[in-house]
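The structure appears right after this line, and notes come after that.
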Amino acid sequence: MWHALFYLVGIMAFAGVNAAWLGWCERKGAARIQRRIGPCEAGYAGLLQPLADGLKLMSKQLLVPQGVDGIIFRVAPVLAMIPAITSMAVIPFSENIGARAMELSVLLLFALASIGMIAILLGGWASGNKYAIISAARSVSQNLAYEIPMLLTVITVVLISGSMNLREIALDQQGGFWHWNIFRLENGHFLTMWVSFIIFFICSVAETNRAPFDMAEAESELVAGFMTEYGSMGFGLFMMGEYLNIVVGACLTATLFLGGWDCPFGLTPGIWWFLLKIYVLIFTFIWIRWTYPRTQIYRLLNLSWKILIPFSLANLLVTAALIKVF
Amino acid sequence: MTVPVHLRHDETFVLNLGPQHPATHGVLRVKLTMDGEYIVKAEPVLGYIHRMHEKLAEGGTFAQFMPNTARMDYLHALAFNHGWALVVEKAAGIEVPERAEYIRVITVELNRIASHLLWWAAFLLDLGGFTPLLYAFDDREKIIDLLERVTGSRLTYCYMRFGGVYNDIDDEFIAGTRDFIKRLRGRMPRLYHDLVTHNIILIKRIKDIGFISAEQCRRYGATGPVARGSGISYDIRKNEPYSVYPEFDFDIPVFAEGDSMARYMVRMHEMEQSMRIIEQALDKLPGGPVMGKAPKVLKPGAGYYYSAVETARGSLGHRLVCNGDKNPYKLKLRSPTFSNLSLFGEVAEGMLLADALAFMGSLDLVIPEIDR
């Protein structure tokens, strides 16, 4: 009972802090990349900026325009947040920190990620706005296209570890970086897991709708995409959901490929290594976003269907064969 | 997109792009008839920022119209200043001292670089790259500081006078301009080209997108980088030289591909050519006054006068009708963006929305210059 409550509060706090301060990190990171200062007025180095933004958003009225499907319009932003927070329940932060080590946790995470996509679809559809509907349609086709190569690469990890339990997968990679799935050696033979890692990382950028794959909110084409009609905390929840999705994506990448809480140099493993890994990954997300222009929706789909899926299929075959041979 | 699409004309919806839309840079409205994400028909709708500048010219004296010229194309305001000064000087037969001509060329070319830098930044913003904007504005800021020093304004200049310029340039301006050229030359290959021009995503976004043929350019009267990106070597500075441009050695960049990439490359090369012109002008800068003899009250003889200049967006023509009074009887401007925008409807047909907006960005539209 206390155990469950502890994790509930802990996960909510982790999610809340990340959702709020990743926004700050993004603004500060973008500012440094662009030779600006970024937020600096509210608190030391603008650290209170997320609070100020949150208060501002909460004090505003949630305007529901005419011709909008009221209930779905209000539910969609919440639906964008919930799956991301729920995903945290199965993520192993360290050997002993993890709310629930489910047998099929990898599968659960993908199921929840799809619900996040449905939130965007519903939000766009309920808005009754043409930009929002185009954005929702783009978002769905994009997520469908990228879930397939993502799952195919995850199968390679599952093949190696023999488990769909994230904790087991992480435990399987303990003992220095040559045990990590990305540099995996099987009986002294190198597997092609780095291909899986690259494909998985590209897919997680696309899954979280981040630049250069942020077609759903391409502001120069679709104003704000599915968020066009949202103001107030509806917009805020979508933004927080986006950041939480990034956190989940980074956690998943770190657990599946980078050894979870394992230390690369044989020092004491622990949650700090896990956090370090996910924040390095998150920084990469931010870095990519502020460096590249946006790609095009059909190029994005071409990349998935014509390049990533064949490569991940081939990679799956090669990995399966290598495991069998060695 | 190179794949031919079969557009269904019966299952369409209308998408209103603008007048308030992040991609239309100002108050352009485009009525798009869409089939999914494909454009079936695009109609630019103008008139949201019409201020009757040409009619206003008739109400005041010739000099009183000078500030208005800068309010039309606020990105290359000095070229509009220059165009108006040229046509009135032609009408009234005013001589311009050589030093003033050189200063005009230097400031106009600096302003052209600033305009192209801003276009570059806005174009990348249209393509979803936010960061280049800040770097381009960093460089543009240097130009604006220099121009503020001699003209007194930062954006809407009123620097030219009939018979010269308002203010002489000083050593600090000359040194600052040389420093700026050195700085931009240093940053151009690494920052602008390595990071942006050669970026695979950018190339995929703009190469073979928005093809304009030379025939279309001629039909619509497109000029400037749009025509030069379609293989038409036409630049007023070379073809109908004015001011002291014939004294400088510079090239007209022409790319024959006709796609958005070609227009991009034309503008990038033009910045380099403008820097060459400025350097030569600074080297050859003669002494003397910057203001010639001009009557206090201008009363050009009755008649029709025409002169054209090359702005950053194409050729700008002033057609002035005088009836011997101290006001213009009639003024008609031929502004480049209007013709360039007219192309949009025909070319955008069958394009994807995102491609059409990338194409629109490559046209370098300044709406207040269309809606005078």
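General remarks:
- Only Lys, Arg, Asp and Glu carry charge here, each on its Cβ (+1 for the first two, -1 for the last two); on that basis chain B has a dipole of about 800 debye about its Cα centre.
- 10 Å Cβ neighbours from other chains, averaged over peptide A:293-305: 5
- In this simple spin-label approximation, residue B:214 and residue B:172 carry label points 7 Å from Cα along the Cα→Cβ vector, and these lie 4.9 nm apart.
- Taking region B:13-370 and dividing mean pair separation by its residue count, relative contact order in percent (alpha carbons under 8 Å, at least six apart): 26
- Helix content alone sets the calculated 222 nm mean residue ellipticity of chain B: runs of n ≥ 4 DSSP H residues at -39500 (n - 2.57) each, divided across all residues, give -14500 deg cm²/dmol.
- Tilt relative to chain B, helix B:77-92 - C-alpha long axis, 0 to 90 degrees, to 10: 50
- Neighbourhood net charge (13 Å Cβ-Cβ; Lys/Arg +1, Asp/Glu -1) for residue A:257: 0
- When both region A:1-70 and region B:320-367 are represented by their alpha-carbon centers, they are found 44 Å apart.
- Computed from the C-beta positions of residue B:14 and residue A:174 and an R0 of 51 Å, the FRET efficiency is 0.30 to the nearest 0.05.
- Average other protein chain Cβ within 10 Å of Cβ, residues B:122-134: 6
- Computed [θ] at 222 nm, deg cm²/dmol, chain A (DSSP H ≥ 4; -39,500 (n - 2.57); rounded to nearest 500): -21500 deg cm²/dmol
- Net dipole in debye of region A:132-272 [+1 Lys, Arg Cβ; -1 Asp, Glu Cβ; about Cα centre; nearest 20]: 300
- Candidate aspartates and glutamates - alpha carbon under 17 Å from residue B:332, same-chain residues fewer than 8 apart omitted: B:54, B:58, B:73, B:89, B:310, B:369, B:371
- Legend: mean number of C-beta atoms from other chains within 10 angstrom of residue C-beta atoms, peptide B:37-45, equals 1.
- Tilt relative to chain A, helix A:232-257 - C-alpha long axis, 0 to 90 degrees, to 10: 10
- Taking the C-alpha atoms of the protein assembly as shown, convex hull volume expressed per residue in Å³: 191
- At R0 = 60 Å, FRET efficiency that the Cβ-Cβ distance of residue B:247 and residue A:306 yields, to 0.05: 0.60
- Among the trypsin sites (Lys or Arg not before Pro) in region A:1-50, those located in a DSSP loop and surrounded by at most 11 other Cβ atoms within 10 Å of their own Cβ are A:35.
- When each of B:90/B:299; B:296/B:326; A:28/B:204; A:28/A:277; B:238/B:330; B:90/B:293 is checked by Cα-Cα distance, pairs over 22 Å: A:28/B:204; B:238/B:330
- Net dipole in debye of the protein assembly as shown [+1 Lys, Arg Cβ; -1 Asp, Glu Cβ; about Cα centre; nearest 20]: 900
- Degrees between helix B:336-348 axis and first principal axis of chain B (Cα, 0 to 90, nearest 10): 10
- Relative to the compact-globule estimate of 2.2 N^0.38 Å, the Cα radius of gyration of region A:130-211 comes out at 1.36.
- Region A:2-325 - percent relative contact order, Cα under 8 Å, separation 6 or more: 24
- Using the Cβ-Cβ distance between residue B:297 and residue A:13 with R0 set to 56 Å, the FRET efficiency from 1/(1 + (r/R0)^6) comes to roughly 0.10.
None of the figures in this text is laboratory data; all of them are computed from the coordinates on show. A quick note: this is a predicted structure, and the numbers were derived from the prediction, not measured. Here the Cβ is made from the backbone with ideal geometry for all residues, glycine too, and neighbour counts use every protein chain on show.
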